[in-house]
Amino acid sequence: MTGKGPEENTNKTERKMIVDQAEKLRLMMRETRKAAHILAITSGKGGVGKSNVAVNLALCLMATRRNVLLIDADLGLANLDVLLNVRSRYTLAHVVEGKRRIDQVIQHGPGGVKLICGASGLTGMTELTDFQRQGLIHDLTLLEQQNDYIIIDTGAGISKNVLSFCEAAHQTLVVTTGEPTSITDAYAMIKKLVQGCSGTKISLLVNMAESRVEARKVYQRISAAAKRFLSAVVYDAGYILRDEHVIESVIQTEPLVLAYPRCQASYCFLALAGKLGRSAGAQGEQAGFFRKVVNWFF
Ligand SMILES: Nc1ncnc2c1ncn2[C@@H]1O[C@H](COP(=O)(O)OP(=O)(O)O)[C@@H](O)[C@H]1O
Ligand SMILES: [Mg+2]
């Protein structure tokens, strides 16, 4: 009789454990495969330059051969289509309503940038059926895998919609100017984001800065307050100088970095894209952002 000895049984158990471990690792790798870096652009106060930042940053990233998708989630003042001079019949609202598939609402703008236009109809997302919700989650998850960056223009002010996009993003760029009211509102936004405990990396961008020194002072003021009163780190995304060419480009409905690539503000956007590219590349993002966002709406 050749009965199995205790040694053989142990080997069998060990082999099974190794196979199980390998399977677990495979599953983990599938779940943690690289996905788009999700960047939300927000501000406390309106009119500080978020949409221009979103558009020009996207174009600078495109220039480095990255795939970029812009989403206009400013439900009140959706205007990325105007800045990019893109006509769009369909928006994210049509997807939610089941009238269009997500790939049918992606527009192609100048420089090859992709855009999903926003609409106030998005507030109807709260009334999704389970079926619609699952469909949207599936669609948006696909977008994470197809892009290097997804940039979301969230609109201004503290609201559930704005916060939900920011809190679920890998990084939130809070835009402020040097005006005291803008600084106060930016700090209030940062406070809300910190209280949300989402783990989004918060960076501050000073737009319409008169100088590097002025921008630095604004950053130091806000980051010091965040450290002292919120125990939070606010990263320095740098600054965009005040430049009349930005106003000109808006009037011409041609993005600044395409219309005036050699002006001061365009150089600032290039520097911002370089900085962002380095910090985003170091992370290796996980998929699942939109799953989090959609969950927020219910
Ligand atoms: N760096 C800048 N220099 C000069 N003017 C700027 C700059 N950035 C923005 N602006 C002006 O501010 C206006 C509002 O910008 P916008 O991007 O629409 O702000 P937001 O999206 O925050 O409401 C622009 O139309 C432009 O006239
Ligand atoms: Mg805007």
Considering (1) within 16 Å of ligand 2 (Cβ to nearest atom); (2) touching a strand residue (DSSP E or B) at 6+ places or on another chain (Cβ under 7 Å); (3) more than 13 Å from Leu173 (Cα to Cα), say which one Leu205 fails and leave the rest. (3)
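In the list Gly121, Gly155, Gly111, which residue meets the criterion of being at pLDDT below 90 and outside any helix (DSSP H, G or I)? Explain how you work it out, then say what you get.
Numbers: Gly121 fails: outside any helix (DSSP H, G or I); Gly111 fails: outside any helix (DSSP H, G or I).
Result: Gly155 is the single residue among Gly121, Gly155, Gly111 that is at pLDDT below 90 and outside any helix (DSSP H, G or I).
Report yes if some residue within the range 32-46 is more than 19 Å from Leu205 (Cα to Cα) and either within 16 Å of ligand 1 (Cβ to nearest atom) or modelled with pLDDT under 65 (or both); otherwise report no. Write out each step before concluding.
Initially, the range 32-46 is screened for residues more than 19 Å from Leu205 (Cα to Cα), giving 32-36.
Next cut, either within 16 Å of ligand 1 (Cβ to nearest atom) or modelled with pLDDT under 65 (or both) only: 32-33.
Scanning the range 32-46 turns up at least one residue that is more than 19 Å from Leu205 (Cα to Cα) and either within 16 Å of ligand 1 (Cβ to nearest atom) or modelled with pLDDT under 65 (or both).
Inside the range 235-249, can you point out the residues that are within 16 Å of ligand 2 (Cβ to nearest atom) and not small (Gly, Ala, Ser)?
Step one: filter the range 235-249 for residues within 16 Å of ligand 2 (Cβ to nearest atom), giving 240, 246-247, 249.
If the condition is that a residue be within 16 Å of ligand 2 (Cβ to nearest atom) and not small (Gly, Ala, Ser), then Ile240, Val246, Ile247 are the ones that fit.
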Scanning the range 181-236 residue by residue, the ones that are among the polar types (S, T, N, Q), under 20 Å from Cys268 (Cβ atoms) and surrounded by fewer than 16 Cβ atoms within 10 Å (Cβ to Cβ) total 2
Conditions (1) within 20 Å of Asn85 (Cα to Cα); (2) at pLDDT below 95 -> Tyr260 fails only (2)
Regarding the range 85-94, can at least one residue be identified that is buried (at least 24 other Cβ atoms within 10 Å of the Cβ) and either at pLDDT below 95 or away from ligand 2 (no atom under 16 Å from the Cβ) (or both)? yes
Is it true that some residue in the range 5-12 is surrounded by fewer than 15 Cβ atoms within 10 Å (Cβ to Cβ) and at pLDDT 85 or above? no
Filtering the range 169-188 for residues that are under 13 Å from Thr42 (Cα atoms) and either modelled with pLDDT under 95 or among the hydroxyl-bearing types (Ser, Thr, Tyr) (or both) leaves a count of 7
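Identify the residue in the range 158-180 that is within 16 Å of ligand 1 (Cβ to nearest atom), among the polar types (S, T, N, Q) and not in a loop (DSSP other than H, G, I, E, B) and, among all such residues, is surrounded by the fewest Cβ atoms within 10 Å (Cβ to Cβ). Full working, then the answer.
The initial filter retains those residues of the range 158-180 that are within 16 Å of ligand 1 (Cβ to nearest atom), namely 158-159, 161-162, 165-166, 172-179.
Pick out the ones that are also among the polar types (S, T, N, Q) and you get 159, 161, 172, 176-177.
Then keep just the ones that are not in a loop (DSSP other than H, G, I, E, B); that gives 161, 172, 176.
Working: Asn161: 20, Thr172: 27, Thr176: 29.
Per the stated criteria, the residue is Asn161.
The values are calculated or read from the model by the stated rules, or taken from the named source; none is laboratory data. None of these values were measured; they are calculated from a predicted model. Virtual Cβ from ideal backbone geometry, glycine too; neighbours counted across all protein chains shown.
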